[in-house]
Structure formats: C-alpha cells, structure tokens
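Presented below is the structure to which this report refers.
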Amino acid sequence: MKYDFDEITDRRNTGSMKWNVGEDELPMWVADMDFQTAPEIIQCLSERVAHGIYGYTEPDNRWYEAYRAWWRKRHGFEIKKEWLLFCTGVVPAISSIVRKMTTPAENVVVMTPVYNIFFNSILNNGRNVLENRLVLKDGNYEIDFEDLEKKLADPQTSMLLLCNPHNPVGKIWTRETLGKIGELCRKHHVLVLSDEIHCDLTVPGTEYVPFASVSEKCRENSITCVAPTKAFNLAGLQTAAVIVPNENIRHKVNRGLNTDEVAEPNVFAAIAPAAAFEKGEPWLDELREYLFENRRYAEDFITDQIEGIRPVSADATYLLWLDCRELLGDSSELCGFLRTHTGLILSDGKEYRDGGGFLRMNLACPRVRLEDGLKRLSSGVRKYQEWISERC
C-alpha cells in the first residue's frame with residue numbers, strides 16, 4: 001500500500017470529542033476515524049494556511065464541479081450545478097430541513113435502529129418520530145413494507161428520513177428497494193430526506209445507489225445530504241452539501257439553510273471537499289481495503305472467541321453492529337460494565353432504538369488498536385457473564 005494506515009496518531013489533548021476520555025480508556029464509539037486524512041488534502045489545506053488571510057468565503061466553481069465529477073464517476077449520478085447547496089454539516093442540514101419542510105406535531109418516519117441524532121433533529125423541533133422497525137432475518141436487515149406504508153399513510157406524516165447506506169447496521173439499500181420506498185412516499189405525499197454521508201465507505205467492489213438516481217419520482221420528491229467528512233475524516237471542518245433537484249423544494253430548503261445561518265462555509269470547508277474529490281481517490285480506495293480487512297478480522301475474532309455475540313454482516317460504513325441478545329444480562333449494562341472494567345467505550349444500541357440487545361463498535365483505527373479493543377471486549381464480556389451468573 002502507498003498509504004500507511006497502521007500508523008498510530010496520538011489524538012489526546014487535541015480537543016477531540018472521541019478521545020476526551022480517561023488515560024486507560026479506548027474509545028471505539030463516535031463515528032470518526034483514527035487515521036490522518038489523505039496527504040493530498042493536508043497539502044491543499046497547508047497551502048491555504050500559508051496564504052495567511054482567512055476572510056469570508058463562499059463555494060466557488062471548483063467546489064461545485066468537484067461534487068459533480070465525483071458523483072458522476074463514483075456513483076453514476078449526474079448532478080446539475082444548481083441542485084447543490086452548501087451546508088455546515090449533514091446534521092445541521094437535516095435539522096434545518098425538518099424545520100422548514102414540516103410543521104410542529106407532524107410525523108417523521110425513520111427506520112430503526114438508526115443514527116441516534118435523527119431523533120434529536122425531529123424531537124427537538126417539536127415533530128413526532130414514527131418508527132418503521134427493520135426486521136433482522138438470518139443476520140440480514142429488511143424493511144417491513146406493510147408497516148412502512150401504514151406509517152406513510154398517516155395523514156400527519158409529512159417526511160421520511162432515510163439513511164442510505166444505513167447506520168448503524170451497514171446496509172446498502174438496493175435500487176429495487178429504494179424505488180419501492182420512492183413509490184410509496186410519492187403515493188402518500190411524503191417527502192424523502194436521505195442522509196447519504198456513508199456512501200463512499202462501502203466494501204471494495206460494492207457500491208451504493210443514490211436515492212435520487214433511481215427514478216424521476218425519487219428525484220423530484222427528495223432532498224439528499226452528502227459530505228466527504230466520513231470517508232476522508234474531515235468532520236471537524238464542518239462541511240457538507242445538500243442535493244435538491246426539484247426547484248420549488250430547493251427554494252424552500254435554501255431559505256431554511258440561510259435563515260438558520262448554516263449556509264456559509266469557513267475557508268477550509270470550501271477547500272477540503274474539492275481536494276478530497278479531486279485528489280483523494282487513491283487514498284480512499286486503499287482505506288476501503290484496510291477497513292474491510294479490519295471488519296473481517298473483527299468478525300472472525302468475535303465469532304471464534306466471544307461466545308454469545310454475533311456480528312451483523314454489513315456492506316458499508318466502518319461500524320460493526322453486534323448482536324448480544326444471547327448473552328445473560330442487559331446490553332446497556334454491559335456497555336457500562338465494559339467501560340468500567342476494561343476501559344473499552346462502545347455505543348449502546350438503545351441510543352439507536354434497537355429494541356435492546358445490541359452494541360456498536362467503530363472499526364476505523366490502526367490494526368493494533370483494533371486488536372486491543374477486541375481483547376478488551378472478550379475479557380469484559382467474560383467478566384460480565386461471570387458477574388451476572390453470581391447475581392442469579
């Protein structure tokens with residue numbers, strides 16, 4: 001490999017939310033990576049720093065064309081320049097769009113378990129969450145379409161908040177599935193807001209399908225949030241794009257983003273995406289290979305050495321969804337136990353409304369750090385089972 005993903009970078013004392021933990025603790029929860037971003041991006045940012053003037057900034061033509069070229073080449077989707085709107089992040093975009101495109105007390109449908117911040121964007125804005133629970137069959141998550149249509153048909157439902165690919169289960173929705181979702185939403189006059197931030201983190205040889213690319217119905221009834229921040233580890237730069245093909249919807253979204261003051265980039269937020277999409281492809285391809293090897297290593301380790309936990313197979317993201325339902329005790333209690341007794345910090349599945357029994361583990365780290373985390377997980381689960389048995 002040209003790029004060294006085994007290198008350990010100390011992130012303590014850098015203001016890192018992930019690494020603001022105890023000295024002996026190992027954070028494998030929040031979804032950012034422990035890899036330095038592509039050297040090509042660092043070089044572009046360094047050149048901009050050297051310029052020395054950091055005044056008010058706006059996206060230039062390079063920013064627009066970088067997004068358009070990337071989606072054309074990598075995802076087979078032709079985006080028109082006017083469809084693109086800048087935003088300071090996918091989460092600010094989602095919250096702003098919920099406020100602008102729905103009204104208080106209306107329903108927003110989500111497919112649970114799903115990214116926990118979705119609930120904040122809905123509930124904090126006075127809207128109701130309607131859960132369409134995914135069904136886990138033979139280690140694979142599927143959509144309950146009968147229940148989905150029931151939720152969409154509710155007269156109070158005005159939006160579906162889609163996660164594509166799906167976090168935390170790592171599911172890539174097929175073109176057929178997305179088309180069916182689009183048909184149902186159009187039938188029941190429900191707008192689709194699709195979070196596609198994990199789209200570039202798929203297993204090598206496997207690609208995702210942009211929701212808006214599936215059909216005219218999907219394109220004209222959708223808003224898509226994208227960013228290079230997950231794939232290139234740029235979340236702290238606060239940069240994203242919103243794709244809105246429909247002119248009337250786009251006008252409303254644009255007004256909402258501007259009203260909420262999340263439509264203006266800082267100087268580096270305008271440069272980093274262009275650098276990533278123009279020069280970061282070789283780095284990303286090697287990263288995906290490394291992440292896949294991490295996933296395979298973790299799945300094999302857990303299957304062979306940790307009784308009672310089953311990793312859920314995934315084709316996207318660097319997040320491992322762990323089925324702990326065969327263990328004694330409670331998964332939330334286990335999550336706390338692991339941190340207290342081993343220092344390993346994972347995400348509690350209940351944050352994603354999993355129904356109980358799951359944990360989420362971040363695999364985006366050098367292999368030696370992953371090995372440490374898996375050993376802590378094995379030791380912690382064994383101690384927890386012994387502790388539970390003694391209490392019974």
Exercise. DSSP H helices in the chain with Cα extent of 15 Å or more along the helix axis and mean Kyte-Doolittle hydropathy at least 1.0?
Worked result: 90-101, 267-279
For this session: Have a look at Asn128, Asn362, Asn20 and tell me which one the Gaussian network model of the chain (Cα, springs below 10 Å) gives the largest fluctuation.
Result: Asn20
Problem set entry | Largest-first principal axis extents, alpha carbons of the chain, Å | 63, 55, 36
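Quick one: dipole size for the chain, taken about the Cα centre, charges +1 on Lys/Arg Cβ and -1 on Asp/Glu Cβ, in debye to the nearest 20.
Working: 47 positive and 59 negative charges, 188 e Å.
That gives the chain a dipole magnitude of about 900 debye.
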Problem set entry | Protection-proxy order for peptides 247-255, 90-98, each taking the mean of Cβ atoms within 10 Å per residue, highest first | 90-98, 247-255
Exercise. Mind checking the alpha-carbon convex hull of region 270-392 and giving the volume per residue in Å³?
Worked result: 124 Å³
Exercise. Extension gain His51-Thr303, at 0.36 nm per residue separation less the Cα-Cα distance, in nm?
Worked result: 85.5 nm
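Where does each of 166-172, 117-123, 13-19, 185-191 land if you order them by average Cβ count within 10 Å, highest first?
Numbers: 166-172: 24.7, 117-123: 19.6, 13-19: 12.9, 185-191: 17.7.
So the peptides 166-172, 117-123, 13-19, 185-191, ranked by packing, come out 166-172, 117-123, 185-191, 13-19.
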Exercise. Can you give the accessible area per residue of the chain, in Å², using a 1.4 Å probe?
Worked result: 43 Å²
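Can you give the FRET efficiency to the nearest 0.05 for Glu281 and Asn61, using r as the Cβ-Cβ distance and R₀ = 25 Å? Don't skip to the answer; put the middle values down first.
Working: r = 20 Å, r/R0 = 0.81.
About 0.80, to the nearest 0.05.
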Exercise. Just from its helices, what would the mean residue ellipticity at 222 nm be for the chain, if runs of 4 or more DSSP H residues each count -39500 (n - 2.57) and the sum is divided by every residue, rounded to the nearest 500 deg cm²/dmol?
Worked result: -13500 deg cm²/dmol
Problem set entry | Electrostatic dipole magnitude of region 189-278 [Cβ: Lys, Arg +1; Asp, Glu -1; Cα centre; debye, to 20] | 160 debye
For this session: Give me the lysines in straight-line cross-link reach of Lys80: C-alpha distance below 19 Å, same-chain residues under 8 apart excluded.
Result: Lys217, Lys252
Seminar exercise, completed: A student applying the Cα gyration tensor rule (rounded when a/c is under 1.5; otherwise prolate if a/b is larger than b/c, oblate if not) would label region 70-222 rounded
Exercise. How far apart, in nm, are the 7 Å Cα→Cβ label points at Glu261 and Ala105?
Worked result: 3.1 nm
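Report in % the part of the accessible area of the chain that belongs to carbon and sulfur, leaving out ligands and nucleic acids; probe 1.4 Å. Show your work: numbers first, answer last.
Numbers: 7760 of 16810 Å².
Result for the chain: 46 percent of the exposed heavy-atom area is carbon or sulfur.
Quick check on region 7-143: take the gyration tensor over C-alpha atoms, sort the square-rooted eigenvalues as a ≥ b ≥ c, and tell me if it's rounded (a/c under 1.5), prolate or oblate. The partial results should precede the final answer.
Working: a/c = 1.68, a/b = 1.22, b/c = 1.37.
Cα axes put region 7-143 in the oblate bin.
The values are calculated or read from the model by the stated rules, or taken from the named source; none is laboratory data. The model shown is predicted, which means the values in this text are computed figures rather than measured ones. In this analysis, Cβ positions are derived from the backbone assuming ideal geometry, glycine residues included, and neighbour counts consider all displayed protein chains. Just so you know, the surface numbers come from the protein's heavy atoms only, side chains and all, with ligands and any DNA or RNA stripped out. Shrake-Rupley method; radii C 1.70, N 1.55, O 1.52, S 1.80 Å.
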